[in-house]
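Below are the structure tokens for one structure; questions will follow.
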Amino acid sequence: MASWKRDATSGLIVLVPVIVTLYVIAFIYGRIATLPFVESIEPPWVRVPLTLVLFALLVFAIGYLMRTATGPLVEGAIDDVMNSLPGLRVVYNASKMAVETAVTGTGDLQAPVKLETWNGMRMTAFKTGKQTEDGRDVLFLPTAPNITTGFVIEVTPDDYTETDERVEDALTRVLSAGFGETNEDIGVSINVTEEPAKTDD
């Protein structure tokens, strides 16, 4: 019975992440394939690869444009138009800041820290690289396991503890609701007992 439990646990550890990953890929694939204008492309199997190729070409083309003298002018004009739209400007600025943070972040950005929210209890937060006018550091305190929600807090440097923890390790702990650690060996311990060598009588 114990060996069956070990085999089942090891099998789940290997299969469940693969199944979840494939499900996410299939979900994204299906969403792209049903986008307007994309679903009219024939044959159907060309829809997603062609869309991804065109999107990549568009990204590189705009990126090249931004390196020219015209790029900042175009970006400024787009910012002015979007900021003139009430309501939508909040979405535009938040999404732009999120992309800039994720793509062009510095080494100090998103550095994990320990924050004592209540007496004797610590929570994992991340530096944003921003400071308030009175010298407080702006931290993001994510919720688990959904890190897209959380709290933006302003804390003095003396009120949190910097760690040498990697961002990947801290994110893994939050995403897994505390059950996963990337710096530990993943697997199931199996007790092995050596049988005594048989001797011929």
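The values are calculated or read from the model by the stated rules, or taken from the named source; none is laboratory data. A quick note: this is a predicted structure, and the numbers were derived from the prediction, not measured. With ideal geometry, Cβ positions are generated from the backbone for all residues, glycine too; neighbour counts draw on all protein chains shown.
So which residues in the range 24-53 are of a type in the set (Asp, Glu) and surrounded by 10 or more Cβ atoms within 10 Å (Cβ to Cβ)?
Listed by number, the list holds a single entry, GLU39.
Let me ask something else. Identify, please: which residue in the range 84-129 is part of a loop (DSSP other than H, G, I, E, B) and at pLDDT 75 or above and is, among those, nearest to ASP169 (Cα to Cα)?
Checked the range 84-129; the qualifying residue nearest to ASP169 (Cα to Cα) is ALA111.
Okay, moving on. Go through the range 20-47 and report how many residues are part of a helix (DSSP H, G or I) and either in contact with a Ser or Thr (Cβ under 8 Å, 6 or more places away or on another chain) or more than 30 Å from SER176 (Cβ to Cβ) (or both).
Number satisfying all stated conditions: 6.
Identify all residues within the range 54-89 that are among the acidic types (Asp, Glu) and surrounded by 12 or more Cβ atoms within 10 Å (Cβ to Cβ); write none if there are none.
Selection gives GLU75, ASP79.
Per-residue answers, yes or no, for (1) under 23 Å from MET97 (Cβ atoms); (2) loosely packed, with under 13 Cβ neighbours inside 10 Å; (3) basic (Lys, Arg):
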site: LYS127; (1), (2), (3): yes, no, yes
site: LEU141; (1), (2), (3): yes, no, no
site: THR148; (1), (2), (3): yes, yes, no
site: VAL155; (1), (2), (3): yes, no, no
site: GLU168; (1), (2), (3): yes, yes, no
site: VAL174; (1), (2), (3): yes, no, no
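Among GLU133, GLU195, which is the only one that is at pLDDT 80 or above, exposed (fewer than 15 other Cβ atoms within 10 Å of the Cβ) and part of a loop (DSSP other than H, G, I, E, B)?
The conditions single out GLU133.
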